[in-house]
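Trainee: Encoded as structure tokens, here's the structure I'll be asking about.
The values are calculated or read from the model by the stated rules, or taken from the named source; none is laboratory data. Because the structure is predicted, anything quoted here is derived from the model rather than measured. No Cβ is skipped: glycine too gets one built from the backbone with ideal geometry, and neighbour counts run over all protein chains shown. What goes into the accessible areas is simple: the full protein's heavy atoms, side chains included, and nothing from ligands, DNA or RNA. Shrake-Rupley method; radii C 1.70, N 1.55, O 1.52, S 1.80 Å.
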Amino acid sequence: MNQINITPKDISRIFWELIYGTEENFSPLDRANLLNTISKLDILRYQEIADESSQAEVRLHYNETTGSTTPAQAIGLYYITKYFRPLRVIEIGTWIGKSTVSIASAIDTYSQAGEIVTCDVTNDIKIPFEGKTKITQFPKQDSNQMLQQLSGTYDLVFIDGKIMHKDIPLLKNLITPKTIFVIDDFEGLAKGVENVSILRDKIDLLKSHYLIMPPNEKILNDHRFKTTSTTAVIVPMKTFTLAVSH
Ligand SMILES: C[S@@+](CC[C@H](N)C(=O)[O-])C[C@H]1O[C@@H](n2cnc3c(N)ncnc32)[C@H](O)[C@@H]1O
């Protein structure tokens with residue numbers, strides 16, 4: 001009998017269709033509100049430039065192709081969060097906080113006890129957020145400095161900066177087999193590809209996890225996004241079950 005081979009590409013497509021499909025629980029008004037809230041954060045880009053001219057140099061060292069979160073990515077992060085319901089989140093790369101606010105806004109919909117810790121080595125921009133989720137910023141600190149100060153375990157790690165090899169032993173102590181990793185800039189030679197390679201190479205736990213490639217243009221177009229997304233996700237195999245109807 002022939003078998004059906006389900007490829008990583010198939011799994012990624014199904015994953016994003018499910019994630020963006022959660023839109024059914026998300027009214028058009030909510031979507032517009034989130035996009036409106038994060039677009040207001042764009043003004044913070046100019047605050048950074050006014051603060052320090054040498055930041056571009058530091059930024060280049062850690063992260064060559066910087067940019068903030070696109071609407072498709074912001075809503076993707078919001079949906080991923082709503083889907084997996086993490087309570088404790090680590091973020092590496094705050095910058096103007098579009099991703100932080102997207103995750104925090106999602107946590108706010110199901111819990112009053114959520115917390116996000118977030119660091120950025122090049123700036124100290126204060127993220128305005130009035131929701132319930134507690135955001136603790138580690139301004140002008142790199143991932144290694146922040147990770148050294150954390151304890152307990154985290155449910156989701158969002159990486160939008162460039163991780164360092166010395167971060168790995170610290171990260172290992174802060175995750176569980178259920179922790180989900182979301183990695184931005186997963187395309188070509190961008191930092192996300194290197195981040196994924198370091199994580200999967202150095203953290204044994206993640207060897208048995210599944211790598212979800214970024215959503216393709218068709219999925220995004222189907223959900224009315226004009227922007228792209230380079231968000232990859234590393235999820236435990238157990239995330240997937242085969243539902244059989246009797
Ligand atoms: C693409 S931007 C982040 C955009 C942000 N998530 C947003 O939505 O506005 C990447 C940021 O990560 C910071 N960064 C890169 N590597 C880092 C590291 N190892 N630790 C802390 N920050 C880092 C850079 O300074 C840069 O500001």
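Trainee: State all residues of segment 148-165 that are more than 10 Å from the ligand (Cβ to nearest atom), in contact with a helix residue (DSSP H, G or I) (Cβ under 9 Å, 6 or more places away or on another chain) and farther than 19 Å from Leu77 by Cα; if no residue qualifies, say none.
Mentor: Gln148, Leu150, His165 - these are the residues of segment 148-165 that are more than 10 Å from the ligand (Cβ to nearest atom), in contact with a helix residue (DSSP H, G or I) (Cβ under 9 Å, 6 or more places away or on another chain) and farther than 19 Å from Leu77 by Cα.
Trainee: Can you name the residue in segment 120-150 that is in contact with a Lys or Arg (Cβ under 8 Å, 6 or more places away or on another chain) and either small (Gly, Ala, Ser) or open to solvent by less than 10 Å² (accessible area, probe 1.4 Å) (or both) and is also nearest to Ala190 (Cα to Cα) among such residues?
Mentor: Here the residue is Thr122.
Trainee: Under 21 Å from Gln47 (Cβ atoms), hydrophobic (A, V, I, L, M, F, W, C) and crowded, with 17+ Cβ neighbours inside 10 Å, is that true of Ile107? Don't jump to the end; show me each part of the working.
Mentor: Values: under 21 Å from Gln47 (Cβ atoms): no; hydrophobic (A, V, I, L, M, F, W, C): yes; crowded, with 17+ Cβ neighbours inside 10 Å: yes.
No: the conditions fail for Ile107.
Trainee: Within segment 79-147, which strands (runs of 3 or more DSSP E) (wholly inside it) include 2 or more residues that are within 12 Å of the ligand (Cβ to nearest atom) and under 27 Å from Trp16 (Cβ atoms)?
Mentor: Working: elements: 88-92, 115-120, 134-139.
Those strands (runs of 3 or more DSSP E) span 88-92, 115-120.
Trainee: With the requirement that a residue be free of Cβ contacts under 8 Å to residues at least 40 places away in the same chain and not hydroxyl-bearing (Ser, Thr, Tyr), what does segment 66-84 give you? Full working, then the answer.
Mentor: We begin by selecting, within segment 66-84, every residue free of Cβ contacts under 8 Å to residues at least 40 places away in the same chain; these are 66-68.
Listed by number, the list holds a single entry, Gly67.
Trainee: Being among the hydrophobic types (A, V, I, L, M, F, W, C) and under 15 Å from the mean Cα position of the chain (by Cα) narrows it down to one of Leu156, Leu174, Leu170, Leu150, so name that one.
Mentor: Being among the hydrophobic types (A, V, I, L, M, F, W, C) and under 15 Å from the mean Cα position of the chain (by Cα) holds for just one of Leu156, Leu174, Leu170, Leu150, which is Leu156.
Trainee: Considering only segment 198-224, state which residues are within 16 Å of the ligand (Cβ to nearest atom) and under 22 Å from Gly76 (Cα atoms). Talk me through it step by step, then tell me what you get.
Mentor: Taking segment 198-224 first, the residues within 16 Å of the ligand (Cβ to nearest atom) are 198-199, 202, 214.
Listed by number, the residues that qualify are Leu199, Pro214.
Trainee: If you don't mind, another one. Give just the number: which of (1) open to solvent by less than 30 Å² (accessible area, probe 1.4 Å); (2) modelled with pLDDT of 90 or more does Glu48 not satisfy?
Mentor: That leaves (2) as the condition not met.
Trainee: For Ala74, which of the numbered conditions (1) under 27 Å from His223 (Cα atoms); (2) open to solvent by less than 10 Å² (accessible area, probe 1.4 Å); (3) near the ligand (Cβ under 8 Å from one of its atoms); (4) in contact with a strand residue (DSSP E or B) (Cβ under 8 Å, 6 or more places away or on another chain) fails to hold?
Mentor: The single condition Ala74 does not satisfy is (4).
Trainee: Any residue in segment 114-132 that is under 12 Å from Ala104 (Cβ atoms) sitting within a Cβ distance under 6 Å of a residue that is assigned to a loop (DSSP other than H, G, I, E, B) and open to solvent by less than 30 Å² (accessible area, probe 1.4 Å)? List the pairs, counting only those 6 or more apart or interchain.
Mentor: Gly114/Thr133; Thr118/Thr94; Ile127/Gly97
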